[in-house]
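Participant: Can you keep this structure in mind? I'll have questions shortly.
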Amino acid sequence: MSDVVVRPAGPEDMDAVAALRWRWLGKARGKPDVPLDEFVPGFVDWWKRNRATHHCFVAVLDASVVGMAWLAVTPRVPYPHAFDRVSGDVQCVYVLPERRDGGLGGRLIEAVLGLARDLGVERVSVHSSERAVSAYSRHGFAVSPRLLQTKPGAGHRP
């Protein structure tokens, strides 16, 4: 896949990125309730409102977007003498099925981790599919006994 270029996404890529997201959700959860031609403008509008915190990288082959990865950056509560703390979350890494198993997902992960380093992100998390756990492990992700999660409103009470 040496012909594939991984780079930060720009406005010219967002329609294709939206289509990838729509396709991914369709494969994972069945055909989306919202048609693609309605999803794309809403997605692009969301990106415009959130581009300061959500950074997208694309994998491009022959002028076509064949993969994407997102890094969401969130401010953290300051420490004394450390007021500009941030954490990151890798989101929506997706490569077209016909382009998988050639290292492209890994290149996208490397791109978002490179940006995380450049931004001084303290730590990066990811909620992975079973299929992708090994890819994230190869890039330094590991299970943490202190990272917990819950679904708010799920009825858990003290």
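The values are calculated or read from the model by the stated rules, or taken from the named source; none is laboratory data. Nothing here was measured: the structure is a model prediction, and the numbers come from that model. Every residue, glycine among them, receives a Cβ derived from its backbone with ideal geometry; neighbour counts consider all protein chains shown. With ligands, DNA and RNA removed, areas are computed over all heavy atoms of the protein, side chains included. Shrake-Rupley method; radii C 1.70, N 1.55, O 1.52, S 1.80 Å.
Participant: Of the residues 124, 133, only one is open to solvent by 30 Å² or more (accessible area, probe 1.4 Å) and touching a Gly at 6+ places or on another chain (Cβ under 6 Å); which?
Facilitator: 124
Participant: A follow-up question, please. Please determine, by comparing only the residues of segment 59-83 that are touching a strand residue (DSSP E or B) at 6+ places or on another chain (Cβ under 8 Å) and not hydrophobic (A, V, I, L, M, F, W, C), which one is farthest from residue 26 (Cα to Cα).
Facilitator: For segment 59-83, the residue satisfying everything is 76.
Participant: A further question follows. Can you pull out every residue in segment 44-88 that is in a loop (DSSP other than H, G, I, E, B) and open to solvent by 60 Å² or more (accessible area, probe 1.4 Å)?
Facilitator: 51, 52, 62, 63, 76, 77, 78, 80, 81, 83, 84, listed by residue number.
Participant: I'd like the full set of residues that are without any contact (Cβ under 8 Å) to a residue 12 or more places away in the chain, more than 18 Å from residue 10 (Cβ to Cβ) and of a type outside the set (Ser, Thr, Tyr), limited to segment 61-96.
Facilitator: Those that are without any contact (Cβ under 8 Å) to a residue 12 or more places away in the chain, more than 18 Å from residue 10 (Cβ to Cβ) and of a type outside the set (Ser, Thr, Tyr): 75, 77, 78, 80, 81, 82, 83.
Participant: Now a separate question. More than 20 Å from residue 125 (Cα to Cα) and part of a helix (DSSP H, G or I): which single residue out of 110, 38 fits that description?
Facilitator: 38
Participant: Sort out which residues of segment 116-135 are part of a helix (DSSP H, G or I) and modelled with pLDDT of 95 or more, and write them in order of number.
Facilitator: Scanning segment 116-135 gives 116, 117, 118, 119.
Participant: Right, here's the next one. How about segment 24-33: which of its residues are free of Cβ contacts under 8 Å to residues at least 40 places away in the same chain and surrounded by 13 or more Cβ atoms within 10 Å (Cβ to Cβ)?
Facilitator: Across segment 24-33, the qualifying residues are 25, 32.
Participant: Another question, if that's okay. Being under 18 Å from residue 91 (Cα atoms), in contact (Cβ under 8 Å) with a residue 60 or more places away in the chain and touching a Lys or Arg at 6+ places or on another chain (Cβ under 9 Å) narrows it down to one of 58, 6, so name that one.
Facilitator: Numbers: 58 fails: in contact (Cβ under 8 Å) with a residue 60 or more places away in the chain.
Of the residues listed, the single one that is under 18 Å from residue 91 (Cα atoms), in contact (Cβ under 8 Å) with a residue 60 or more places away in the chain and touching a Lys or Arg at 6+ places or on another chain (Cβ under 9 Å) is 6.
Participant: Which of (1) open to solvent by 50 Å² or more (accessible area, probe 1.4 Å); (2) closer than 21 Å to residue 110 by Cβ; (3) more than 17 Å from the chain's Cα centre (by Cα) does residue 4 not meet, given it meets every other one?
Facilitator: (1)
Participant: Read through the list (1) open to solvent by 50 Å² or more (accessible area, probe 1.4 Å); (2) modelled with pLDDT under 95, then give the number of the only condition that residue 41 fails.
Facilitator: Exception for residue 41: condition (2).
Participant: Restricting to segment 96-107, give me the number of residues that are open to solvent by less than 90 Å² (accessible area, probe 1.4 Å) and either basic (Lys, Arg) or part of a helix (DSSP H, G or I) (or both).
Facilitator: Going through segment 96-107 one residue at a time, the tally reaches 7.
Participant: Pairs under 9 Å by beta carbon, first residue more than 18 Å from residue 142 (Cβ to Cβ) in segment 105-129, partner open to solvent by less than 80 Å² (accessible area, probe 1.4 Å) and of a type in the set (Lys, Arg), six or more apart or different chains?
Facilitator: That search, which allows pairs on different chains as well, returns 111/7; 120/85.
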